[in-house]
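Here the structure comes first, spelled out in structure tokens, and everything after it is commentary.
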Number of protein chains: 2
Amino acid sequence: MQSPQDWKCLMICKNVRSLQAYTPGEQPHDNSVIKLNTNENPYPPSPMVRAALSTFNCERLRLYPDPVCMRVRERIATIHGCSVEQVFVGNGSDEILALCTRAFVEHKGAVGYFEPSYSLYPVLSDIRAARRHPVDLNPDFSWRMPADYAADLFLITNPNAPTSLLHSISTIADFCSEFAGVVVVDEAYVDFADCNCMSLVLAQNNRNTLVMRTLSKSFSLAGLRFGYAVGPVELITALYKIKDSYNMDALALELGLAALNDLEYMRANVERITATRQSLTNALLQRGWRVCESQTNFLFASPPDGDARRVFELLKEHKIYTRYFPGETTGEYLRITVGTGEQCDALLEVI
Amino acid sequence: MQSPQDWKCLMICKNVRSLQAYTPGEQPHDNSVIKLNTNENPYPPSPMVRAALSTFNCERLRLYPDPVCMRVRERIATIHGCSVEQVFVGNGSDEILALCTRAFVEHKGAVGYFEPSYSLYPVLSDIRAARRHPVDLNPDFSWRMPADYAADLFLITNPNAPTSLLHSISTIADFCSEFAGVVVVDEAYVDFADCNCMSLVLAQNNRNTLVMRTLSKSFSLAGLRFGYAVGPVELITALYKIKDSYNMDALALELGLAALNDLEYMRANVERITATRQSLTNALLQRGWRVCESQTNFLFASPPDGDARRVFELLKEHKIYTRYFPGETTGEYLRITVGTGEQCDALLEVI
């Protein structure tokens, strides 16, 4: 006989019952904490975003927002020199990733990704009830695909997280041209890098690759939930067919547009952060740390004795939050978001 | 041999390739249009929402929002007298509906719903690659379940759209207690009705039923994307396991909370709209129309000659938008959102 508990569980899909949900980085309520744990931007959003917020007419909220986000898509198309039909706008890149698993992965299909990379990928695969098909990175965090490797969808973060390293564009291009399924290149951190895959996905011969961007990092808008994907019309159209009817709210559309209209401000912030990144890297190297050559707004660095967990806990005692990923390849490293110069100085003082 | 077009299509899931996407009601850019087509509220959101918007500190947007929406869930739990674990907050009710199809419908499972009802339901079933299993309502829009009917998930809009009619709470309760799968009672319009199913889902013996609410209609916040579900902890927990990490943005959480802190304003607006609903109903009855007894913020009404399409087009020529659903059971009716008194007078003048 079933207990009431069992009865309830049977109504929940098998893959959901056994699912281990994704754990986002901690969001402390204590304002005195120095938050270097979730790769947020230490500087505020553009003054144009603030202006858009303060002039937004509240009464507009009684109406449904534009279901196909035309104005921001036009702006994004202008920025990248493509058509609006090649642009999808989503409620954060996370929504777009989830949509990709549902648009491009058949039942019992496989989702590929590198390890280590964004720890959401295996969870997305589980949510889709797909087969996880990870590829371990080499000890130097480069990759070598196994012979006869196949998957419906392959998710690549580039530059990669948590390693902070950029896979070269030609490496990505070779991978995409040989891969039979859809490739998503998640460029969440690419504004902090030297190059990107946009021209690759906009090339005439590209049939299977999407690039994703977000306003969360370089545009200081993690709280807004605004991501976008660019790529072949057929793939973008598939995403539009399965998204929620009104996936973007009216405020996110207006403020996102304002941010995308002020690239100059974003770039100035990126320069400040990459300068701080360099000084923090140098300071850690001087202290005997190994530091990956970051192309992002965070460092992936290992203390002289390799005991990253101890440093993580020590910093936490001093109210400085970083992120630690246990495991064979990542366990000796700490992921440290590049904050302001003062925040990084405080971190160095504890170390 | 495959053409490039075929090649691309093969990467897209079969159910997505054949999918007919949902068509939202038209959102005209022309401000002179009288919009009675998408059941929006004609009055602005609460002054407390306006205040929350104008005092929102833009810099907060650089940080990720609360992934589990604790403050608004506490408020919702207080309103309904339940625990926060019984409350799920989503990016519009549409997100919650889509999550339900993924949490409660196994591969090759069935999604049930009445016809006519919310036309998104069959699309959600198709997106999930599930089997549509609709039940036709009787000509008077009541229902009689077929013998041996079964589905994994049953979606009921109550009061129903587009009919505007309320199924009695005891009818719903009987249905839920006999149904073996999960039932979602979508109460998008319930603030305009005489009763609701909240105490039904919060009863100790309820194991399979969720109620959904939205801020889109009675709270005048369709542009914000804010819906919530209340029900058994096990079902709510399943939704949390599969949602996007940060499904609600910081602004929606703040403004939604402000709206939920001003129930008085919402109720005063609902009273204005139900009064207008009564006068519009009377005026149409006087003109020989059949009018369903609305428990919503819209009317479902049939002109004397039954040619609703002609009236729909006539009104559109006069820049008054309503909604027309072709088909055997709905084709003689027009769905008219209850606007302001002036908007309804303008409509009556054309008729």
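The values are calculated or read from the model by the stated rules, or taken from the named source; none is laboratory data. This is a predicted model, so every value here is computed, not measured. All Cβ positions, even for glycine, are placed from backbone atoms using ideal geometry, and neighbour counts span all protein chains on display. Calculation scope for accessible area: heavy atoms of the full protein, side chains included, ligands and nucleic acids excluded. Shrake-Rupley method; radii C 1.70, N 1.55, O 1.52, S 1.80 Å.
Residue separation times 0.36 nm, minus the C-alpha to C-alpha distance between residue B:351 and residue B:233: what's the value?
Taking residue B:351 through residue B:233 to full extension adds about 37.5 nm, to one decimal.
Can you show me the helix-derived [θ] at 222 nm for chain A, built from DSSP H runs with n ≥ 4 at -39,500 (n - 2.57) apiece and divided by the number of residues, rounded to the nearest 500.
Details: 13 runs with 131 residues, N = 351.
The per-residue figure over chain A is -11000 deg cm²/dmol.
At what distance in nm do the modelled label points of residue A:70 and residue A:282 sit from each other, each positioned 7 Å from its Cα along Cα→Cβ?
Going by the 7 Å Cα→Cβ label model, 5.2 nm.
Mind ranking A:208-219, A:225-236 by how tightly packed they are, going by the mean number of other C-beta atoms within 10 angstrom, highest first?
A:208-219, A:225-236
List, in the order given, every pair from A:243/B:35; A:14/B:243; B:35/B:316; A:108/B:14 whose Cα-Cα distance in the structure shown is over 19 Å. Kindly include the intermediate steps, with their values, before the conclusion.
Working: A:243/B:35 25 Å; A:14/B:243 16 Å; B:35/B:316 10 Å; A:108/B:14 13 Å.
From the list (A:243/B:35; A:14/B:243; B:35/B:316; A:108/B:14), the Cα-Cα distance tops 19 Å for A:243/B:35.
Please check which bits of the stretch A:315-351 a label hung off residue A:290 would reach, taking the label as a point 7 Å along Cα-to-C-beta and the cut-off as backbone N under 20 Å.
A:323-337
Per residue, how much accessible area does the stretch B:47-261 show when a 1.4 Å probe rolls over the protein heavy atoms, in square angstrom?
Ligands and nucleic acids excluded, the result is 32 Å² per residue.
For the protein assembly as shown, rounded, prolate or oblate, judged on the Cα gyration tensor with a ≥ b ≥ c (square roots of eigenvalues), a/c < 1.5 rounded, else prolate if a/b > b/c?
It is prolate, given that a/c is not under 1.5 and a/b is the larger ratio.
If r is the Cβ-Cβ distance from residue B:20 to residue B:83 and R0 is 45 Å, what FRET efficiency results, to the nearest 0.05?
So the FRET efficiency works out to roughly 0.65.
Which residues among the stretch B:104-121 fall inside the zone where the amide N is under 20 Å from a point 7 Å beyond the Cα of residue B:180, along Cα→Cβ?
Answer for this model: B:104-114.
Arranged from highest to lowest average of other beta-carbon atoms within 10 Å per residue, in what order do the peptides A:332-339, A:26-33, B:197-204 appear?
Sorting A:332-339, A:26-33, B:197-204 by mean packing, highest first, produces A:332-339, B:197-204, A:26-33.
With +1 on each Lys and Arg Cβ and -1 on each Asp and Glu Cβ, how big is the dipole of the protein assembly as shown about its Cα centre, in debye rounded to the nearest 20?
Here the size comes out at about 140 debye.
For residue B:145, place a label point 7 Å out from Cα along the Cα→Cβ vector, do the same in each other copy, and report the separations in nm, one decimal, smallest first.
Ordered by distance, the counterparts are at 5.0 nm.
How many square angstrom of accessible surface are buried between B and A, both sides summed, with a 1.4 Å probe and rounding to 100?
Buried area (both sides, nearest 100 Å²): 6900 Å².
Ignoring ligands, DNA and RNA, please state the percent of accessible area on chain A from carbon and sulfur, probe 1.4 Å.
Here it works out to 48 percent.
Extending each Cα 7 Å along its Cβ direction at residue B:60 and residue B:261, get the distance between those two points in nm, one decimal.
Between residue B:60 and residue B:261, the label points sit 1.0 nm apart.
Place the label 7 angstrom along Cα→C-beta at residue A:205 and in each other copy, then list the distances from the first to the rest in nm, shortest first.
Residue A:205 label point versus its equivalents elsewhere: 6.9 nm.
Residue by residue, what Karplus-based ³J(HN,Hα) values in Hz, rounded to whole numbers, does the stretch A:159-167 have, using 6.51, -1.76 and 1.60 with θ = phi - 60° and x for Gly and Pro?
Calculated HN-Hα couplings, in order: x, 7, 10, x, 6, 6, 8, 9, 6 Hz.
Just to be sure I understand the model, the point goes 7 Å from the Cα along the line to the Cβ. What's the resulting residue A:332 to residue A:148 distance in nm?
Between residue A:332 and residue A:148, the label points sit 3.4 nm apart.
Kindly give the distances from residue A:85 to its copy-mates, label point to label point, with each label point 7 Å from Cα along Cα→Cβ, as nm values to one decimal ordered shortest first.
Computed spacing set for this position: 5.1 nm.
Per residue of B:32-41, count partner chain C-beta atoms within 10 Å of its C-beta, then hand back the mean as an integer.
Working: counts 0, 0, 0, 2, 0, 0, 2, 1, 3, 3.
Mean partner shielding for this stretch: 1.
Is the C-alpha gyration tensor of the stretch A:1-97 telling us rounded, prolate or oblate? Criteria: a/c under 1.5 is rounded; beyond that, a/b larger than b/c is prolate, otherwise oblate.
prolate
I need the shape label for chain B. Rule: rounded when a/c is under 1.5, else prolate if a/b > b/c, else oblate, with a, b, c from the alpha carbon gyration tensor.
The shape class here is rounded.
Compare each residue of the stretch A:241-270 in its chain alone against the assembly with all protein chains, and report those whose accessible area goes down by 20 Å² or more; 1.4 Å probe, heavy atoms.
Those are A:241, A:242, A:244, A:245, A:246, A:249, A:251, which lose 20 Å² or more relative to the chain on its own.
Could you rank the peptides B:59-71, A:138-150 by their average count of other C-beta atoms within 10 Å per residue, with the highest value first?
Details: B:59-71: 19.1, A:138-150: 11.1.
Taking the mean over residues of other Cβ atoms within 10 Å, the ranking is B:59-71, A:138-150.
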